[in-house]
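Step one of this worksheet: look at the structure below.
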Amino acid sequence: MRVALISCAKTKLPGVHAAKDLYISPRFKLAWQYASANYDRVYILSAKHGLLEPEKRIRAYDVTLNDQPKEARLRWARKVARQIRLSIPSSAYIEFWCGAAYRDPLMEMLNEYDVMAPFAWMSQGQQLQWLKAKAAGA
């Protein structure tokens, strides 16, 4: 099983929506489009909620891991690692489509999984460019 984990985005619709519809940044939309077409399952990594099923309805919020102290990011990662272990079989191959604050502590904690971070070396701009090219069929 191939699983993609996409990070949440700052830009959101107001109100309550399915997680996959709440985040409206161009990068999130393109990542969602690509991942949902190319992976068996896709989850969203939310700074507030942890691991989210795409259809889970949640209210817009304003939380990011990027400005959290290291201990808060580690608490979040421990919570999400537990959620992953409950939701995703250890035989799964997991790709992280998110920044270092979301990805790095989790990758270290999930040593029973085969994990990869294909965008780790790319800037946000390069990621967006790559996703746009894939959406255009390049």
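Given a 1.4 angstrom probe, what's the average accessible area per residue across the chain, in square angstrom?
On the way: 7290 Å² over 138 residues.
The answer is 53 Å² per residue.
Could you tally up the Lys pairs in the chain with alpha carbons closer than 13 Å? Skip any pair fewer than 8 positions apart unless they're on separate chains.
9
Please report the antiparallel percentage of the DSSP beta bridges confined to the chain, to the nearest 5. If you can, show how the numbers build up before the last one.
Working: 7 of 20 bridges.
Looking only at bridges with both residues in the chain, the antiparallel portion is about 35 percent.
Please give me the summed charge of the neighbours of H17: other residues whose Cβ is under 11 Å from its Cβ, Lys and Arg +1, Asp and Glu -1.
Working: positive: K12, K20, K56, R57, R59; negative: D21, E55.
Charge balance near H17 sits at +3.
Taking Cα centroids, how far is region 94-138 from region 51-72 in Å?
17
Tally Lys/Arg at +1 and Asp/Glu at -1 over every other residue whose Cβ is under 11 Å from the Cβ of R27; what's the total? Can you show the working numbers first?
Working: positive: K10, K29, K132; negative: none.
Here the count lands on +3.
In percent, how large is the relative contact order of the chain, given Cα pairs closer than 8 Å and 6 or more residues apart?
Numbers: 216 pairs, mean separation 39.2, N = 138.
That works out to 28 percent.
Restricting to DSSP H runs of at least four residues, report the calculated mean residue ellipticity at 222 nm for the chain, -39500 (n - 2.57) per run over all residues, nearest 500 deg cm²/dmol.
Details: 5 runs with 57 residues, N = 138.
Counting only the DSSP helices, I get -12500 deg cm²/dmol.
Count the net charge of all other residues whose Cβ sits under 15 Å from the Cβ of L5, scoring Lys and Arg as +1 and Asp and Glu as -1.
Here the charged neighbours net out to +3.
What number does the chain give for Rg over Rh if you use C-alpha atoms and the Kirkwood radius? Could you put the intermediate results ahead of the total?
Details: Rg = 14.1 Å, Rh = 15.1 Å.
Reported Rg/Rh (Cα atoms, Kirkwood Rh): 0.93.
At a 1.4 Å probe radius, carbon and sulfur cover how many percent of the accessible area of the chain?
Details: 3720 of 7290 Å².
Carbon plus sulfur share of accessible area: 51 percent.
The values are calculated or read from the model by the stated rules, or taken from the named source; none is laboratory data. Since we're looking at a predicted model, the values are computed, not measured. FYI the Cβ positions are ideal-geometry reconstructions off the backbone, even for glycines, and counts take in every protein chain you see. The accessibility values were calculated without ligands, DNA or RNA, using every heavy atom of the protein model including side chains. Shrake-Rupley method; radii C 1.70, N 1.55, O 1.52, S 1.80 Å.
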